[in-house]
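Every read-out reported here was derived from the displayed coordinates using simple, explicitly stated rules and does not represent laboratory data. Since we're looking at a predicted model, the values are computed, not measured. Positions of Cβ are generated from backbone atoms using ideal geometry, with glycine treated the same way; all protein chains shown enter the neighbour counts.
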Amino acid sequence: MNVTHLECAKCGAGYEANRIHNLCTACGKPLLVRYDLKRVSETLRREDLPGRTPTLWRYREALPVERPENMLSLGEGWTPLTHTPSLGAALGLSRLFIKDESVNATGSFKARGLCMAVSMAKELGVRKLAIPSAGNAAGALAAYAARAGLEAHIFMPRDTPAANRIECEMTGAYVTLIDGLITDCGAEVARRKQAEGWFDVSTLKEPYRIEGKKTMGYELAEQLQWQLPDAILYPTGGGTGLIGMWKAFDEMQAMGWTGSARPKMFSIQAAGCAPIVRAFENGWDEAPEFENAHTVASGLRVPRAIGDFIMLDILRRSRGGALAVSDAEMIAAAREIGAREGIFAAPEGAACLPALRRLIGEGAVKPDDRVVIFNTGAGAKYLEAYS
Ligand SMILES: *Cc1c(COP(=O)(O)O)cnc(C)c1O
Ligand SMILES: [Zn+2]
């Protein structure tokens, strides 16, 4: 058992491991899982990794699930970090990579977070899970819940892409469509969860999705021979990936796997829903709700994120930033990425390309920088947006 305790990201309050937790009961903010990293590094050595399973479970000593029978797997993580020379040449970058998360089970990187959350729910004896989701999180929850034999109760906006809704129905989830946004779906889960006995696996409202998402940081380091990139562009909704990767960088440094250098972290959002961009530009520590949120990039349609203060801190400490991209730019960028590199990106992932062009124009990214952009999902799930 390498988990020592859980810790509130805001007030530092400590919580016992191996108990069911949602938010900090003192201040209402997200909890982070803490490990005895000395012990992790004694049992998991960098050199042992190449022979391990090609899933995120290759880092299992740095993950919270204890018993092997609870480590659910459908093929999550260890995704390709693809060098993209044609796209790089078009931008004037020699070392541009796409971390292609579209190849995860259920077609997006949500598989990482929900794989971990459902595995832990199973380990802790939870029977019924509930989630508000505007897209890929729902499908991932449904799939892993089916694997675990647990109930999945899913609340999605009525205009969620058909692929997301149908995959949930086909993997045995209970799906409710809501006339509203993901925040309205979240309110519905909150209103009913007590009476229904549901465990709420909303973004950052339980501590383990971050642990799944942090494996992107471990993988990047391993795939780049333990030299972190100079810049990372990450399409940001709730922010689990951003927060998770930063946590991974801290953990790896504490274990002596990587140094103190950190990539510049850039959050990419949709112009129609850019609460983090607005807060970053205004120098705010928190990001108030973004009114009338709209974008075809359903994963970015998160008007209010509970981990806002953590994200803004990371963006500033890494000397990165936040940029907003229009839906039309995303669609054009998906076509360019697809035609140049053969990767059919989700609009969320495609949003990184116009943002990167702007950063290069401003001099924030240099021609010889090692740059990673995240394609967070499969384009094939967004046929309405692309046809
Ligand atoms: C959920 C989602 C995002 C945003 O991820 P967060 O970790 O919540 O910031 C980006 N892209 C896709 C395809 C998503 O499904
Ligand atoms: Zn707290």
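Things worth noting here:
- Of all residue pairs spaced 6 or more apart or on separate chains, those with beta-carbon atoms under 6 Å, a first member in the range 238-265 that is within 17 Å of Arg39 (Cβ to Cβ) and a second member that is in a helix (DSSP H, G or I) and of a type in the set (S, T, N, Q) are Met255/Ser41.
- Taken over the range 18-33, the criterion of being within 23 Å of the chain's Cα centre (by Cα), without any contact (Cβ under 8 Å) to a residue 60 or more places away in the chain and surrounded by fewer than 18 Cβ atoms within 10 Å (Cβ to Cβ) is satisfied by Gly28 alone.
- Residues of the range 348-387 that turn out to be among the polar types (S, T, N, Q), assigned to a loop (DSSP other than H, G, I, E, B) and in contact (Cβ under 8 Å) with a residue 12 or more places away in the chain, as a count: 1
- Any chance Ala345 is among the aliphatic types (A, V, I, L, M), within 21 Å of Thr79 (Cα to Cα) and free of Cβ contacts under 8 Å to residues at least 12 places away in the same chain: no
- Test: residue in the range 111-133 that is of a type in the set (D, E, K, R) and buried (at least 20 other Cβ atoms within 10 Å of the Cβ): yes
- Tally of residues being crowded, with 18+ Cβ neighbours inside 10 Å and outside any helix (DSSP H, G or I) across the range 305-322: 7
- Looking only at residues of the range 202-253 that are in a helix (DSSP H, G or I) and within 16 Å of ligand 2 (Cβ to nearest atom), we find that the one that is surrounded by the fewest Cβ atoms within 10 Å (Cβ to Cβ) is Ile243.
- Just one residue in the set Ala334, Ala322 is touching a residue at least 40 places away in the same chain (Cβ under 8 Å), more than 16 Å from ligand 2 (Cβ to nearest atom) and under 19 Å from the mean Cα position of the chain (by Cα); that residue is Ala322.
- Comparison of Ala121, Ala173, Ala143, Ala163 shows that the only residue that is touching a residue at least 12 places away in the same chain (Cβ under 8 Å), under 30 Å from Glu336 (Cβ atoms) and of a type in the set (A, V, I, L, M) is Ala163.
- Scanning the range 8-17 for residues that are near ligand 2 (Cβ under 6 Å from one of its atoms) and either exposed (fewer than 14 other Cβ atoms within 10 Å of the Cβ) or in a loop (DSSP other than H, G, I, E, B) (or both) yields a total of 3.
- Residue count for the range 252-294 under the criterion of being in contact with a strand residue (DSSP E or B) (Cβ under 6 Å, 6 or more places away or on another chain), of a type in the set (Phe, Trp, Tyr) and under 30 Å from Arg46 (Cβ atoms): the result is 1.
- Of the criteria (1) in a loop (DSSP other than H, G, I, E, B); (2) of a type outside the set (Lys, Arg); (3) within 14 Å of ligand 2 (Cβ to nearest atom), which one Thr79 fails: (3)
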